[in-house]
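Chemist: Handing you this structure, nothing more for now.
The values are calculated or read from the model by the stated rules, or taken from the named source; none is laboratory data. Worth saying up front: this structure is predicted, and the values here are computed from it rather than measured. Quick reminder, even Gly has a Cβ in these numbers, built from the backbone with ideal geometry, and neighbours come from all protein chains shown. In case anyone asks, the SASA skips ligands and DNA or RNA and just uses the protein heavy atoms, side chains included. Shrake-Rupley method; radii C 1.70, N 1.55, O 1.52, S 1.80 Å.
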Amino acid sequence: MAREPEEILERCLEAARRGDDPEAILRQHGEVADEVRSLLALAAELCDLPSPQPSPHGLEKVFAHL
């Protein structure tokens, strides 16, 4: 029985967080490997994005509201 791609993706993300190889998991689930692999690539790109920084004007507005 094929597992849901979401479940496989979660297992791969957990493996990557631990420093393990997500490809080992994907090899066990060839039927969804391509789909999950593209989602893993997207997750890696999102993690590489810089954290958003509020503008000084935005901070002024927040503090004024408080």
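Chemist: Take segment 20-66 and flag every residue that is open to solvent by less than 90 Å² (accessible area, probe 1.4 Å), over 20 Å from Arg3 (Cβ atoms) and under 14 Å from the mean Cα position of the chain (by Cα).
Modeler: Passing the criteria: only Ala44.
Chemist: Right, here's the next one. Quick check, is Val62 modelled with pLDDT of 95 or more and assigned to a helix (DSSP H, G or I)? Write out each step before concluding.
Modeler: Details: modelled with pLDDT of 95 or more: no; assigned to a helix (DSSP H, G or I): yes.
Criteria not met by Val62.
Chemist: Tally time: how many residues in segment 1-11 are in a helix (DSSP H, G or I), more than 10 Å from the chain's Cα centre (by Cα) and of a type outside the set (Val, Ile, Thr)?
Modeler: Let us first name the residues in segment 1-11 that are in a helix (DSSP H, G or I), namely 5-11.
Keeping just the survivors that are more than 10 Å from the chain's Cα centre (by Cα) gives 5-8, 11.
The next check asks that each one be of a type outside the set (Val, Ile, Thr); those that pass are 5-7, 11.
Count: 4.
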